[in-house]
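Data first, discussion second: the structure below is written as structure tokens.
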Amino acid sequence: MWYTDLRPDEELNTNRYFLVMLDKYNNYARLLDNEGKQRTIKGLLQLKEGLLNKVPPKGVDKNLLLASWNIKNFGRLKDRTAESLFYIAEIINAFDIVALQEINGDLDHFDKIMSLLGSDWKYTISDVTEGSAGNEERFGFIYDSRRVTHSGLSGELVIPDEFITANPIIKQLKRTPTFTGFESGWKKFSIVSLHLHPGDGANDPGEPTDKEIRKEEVRLLMQLLELKLNRSSFEERNLIVLGDTNLYEEDEDIVELMNDKGFFESDGLKGKYTNTSLNQIYDRIFLHVDKYFKIGIDENGQERGGVFKLFDYVYQNTPGAISKYHELMLSHKDDPSTLTSDEAFQSYFNRYWKRNQISDHLPVWLEIETDSTQSFLQNKLEALE
């Protein structure tokens, strides 16, 4: 991580050209004053402690930490502070590959994140999905090139015309998913990142419900992935589908469409709430992998994976923490005259402000074992005996 912007000004007299947090829309003015630096440093220290306690350490030639994160309108929300960008980068830095959804057209904040992460971190990114339904969204993968390499495979998943039935509900997924290959240690795998149709409404009379649209997106996607898997060589059949699925607890029939095609959730993530309100399981990771592709196991024999509850460490819901951001909330809110009490500040802080600073989704992750030596050799010994 690149923390130069957090140094005292007197240490930056000869190092200004190293700064990342500059406002390109305002003559490259500094985005962090001393008060902001102090808040950010304190927040980073708390965040580091939380990541250390909740996420496994990176082991050389042993494991790979995969995460998925929908960062709310990343690039469209202009009031994200430099402090928030530091927190986002710090969380990404705890993993090896992070699939990002909801990256928008403007890449200024994305570029700042990459600068904070440093030159060892690389990325792939899709073009925006055009049209109002696509919400001008991109998909991206950020990965630590010291721990994982891009296999060279990269593309978008487009539904073939022959898959479309008469009078179809949809012809394509609203946000075109990406399909990207990676390698680490013994593991070679591909990841599909997606953002399915949202909502749980009935829509206009005669129109399909939100769930029906989402279910058809999954059906078409599974049909396409089944075709690709049948065409792939054996070593390229490890496939992971992840992202913001917008699946509700009652959408088990949609999950069954994925299970029927051999895609299953890790036990470490199954059923865990992933949105900021902790009442929905939108963000999922499904795996279609061979017997040598193992999820890490903790000391209790449980698969390693989880949801990182970042707001336990930064932008905490306490009067003291909220009061530090009163001035920023007043400057960001369209009608600040409504913020007239501590209760009003607290409501705005939790319902809107911190979600616009970071996201309304939490990162989900799992640990993949990259060294299959023991199981491979044992299997071959048994075959020879």
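Annotation for segment 54-125 versus segment 335-385: alpha-carbon center distance of 11 Å. Quick one: net charge around residue 37, please, counting Lys, Arg +1 and Asp, Glu -1 for every other residue with C-beta under 14 Å from its C-beta. Neighbourhood net charge equals -2.
Taking a threshold of 32 Å on the Cα-Cα distance, which of the pairs 72/215; 54/228; 37/272; 62/211; 42/291 fall above it? With Cα atoms farther than 32 Å apart: 54/228; 37/272; 62/211; 42/291. Accessible surface comparison of 365, 186, probe 1.4 Å, protein chains only, largest first: the order is 186, 365. Springs join every pair of Cα atoms under 10 Å in this Gaussian network model of the chain, and among 149, 340, 180 the largest mean-square fluctuation is at 340. Given axes a ≥ b ≥ c from the Cα gyration tensor, I'd like to know whether segment 90-223 is rounded (a/c under 1.5), prolate (a/b larger than b/c) or oblate. Taking the square roots of the gyration eigenvalues as a ≥ b ≥ c, segment 90-223 is prolate.
Per residue, the accessible area of segment 264-344 comes to 53 Å², computed with a 1.4 Å probe over protein heavy atoms only. Per residue, the accessible area of segment 205-254 comes to 46 Å² when a 1.4 Å probe rolls over the protein heavy atoms.
In the full protein context, segment 45-134 carries 36 Å² of accessible surface per residue, based on a 1.4 Å probe and ignoring ligands, DNA and RNA. How much of the DSSP bridge set in segment 155-277 is antiparallel, in percent, rounded to the nearest 5? Counting DSSP beta bridges with both partners in segment 155-277, the antiparallel share is about 60 percent. Add +1 for every Lys or Arg and -1 for every Asp or Glu among the other residues with Cβ under 12 Å from the Cβ of residue 197, and state the total. Computed value for this residue: -2. Out of 116, 19, 194, any idea which swings most in a Gaussian network model of the chain, alpha carbons joined below 10 Å? The residue that fluctuates most here is 19. The overall shape of segment 215-313, judged from the alpha-carbon gyration tensor, is oblate: a/c is not under 1.5, and a/b is no greater than b/c. Among 27, 73, 246, determine the one that fluctuates most according to a GNM of the chain built with springs between C-alpha atoms less than 10 Å apart. Ranking 27, 73, 246 by mean-square fluctuation puts 27 first. Its relative contact order, with pairs defined as Cα atoms under 8 Å and 6+ residues apart, puts segment 54-167 at 25 percent.
Legend: residue pairs 78/187; 188/309; 24/58, Cα-Cα distance threshold 32 Å; pairs beyond threshold, 78/187; 24/58. Centre-to-centre separation between the Cα atoms of segment 198-228 and those of segment 143-187: 18 Å. The long axis of helix 82-93 is offset from the longest Cα principal axis of the chain by roughly 30 degrees. Taking every DSSP beta bridge that has both ends in segment 75-187, the antiparallel portion is near 100%.
Computed per residue of the chain from DSSP H runs no shorter than four, each worth -39500 (n - 2.57), the mean residue ellipticity at 222 nm is -8500 deg cm²/dmol.
Computed as a quarter of the hull surface, the mean projected area of the alpha carbon convex hull for segment 258-385 stands at 11.8 nm².
Rolling a 1.4 angstrom probe over the chain with all protein chains present gives an accessible area of which 47% lies on carbon and sulfur atoms.
The values are calculated or read from the model by the stated rules, or taken from the named source; none is laboratory data. Everything numeric here is computed off the predicted structure, so don't read it as measured data. Ideal geometry is used to build each Cβ from the backbone, glycine not excepted, and the neighbour counts take in all protein chains shown. Surface areas here come from the heavy atoms of the whole protein model, side chains and all, with no ligands, DNA or RNA. Shrake-Rupley method; radii C 1.70, N 1.55, O 1.52, S 1.80 Å.
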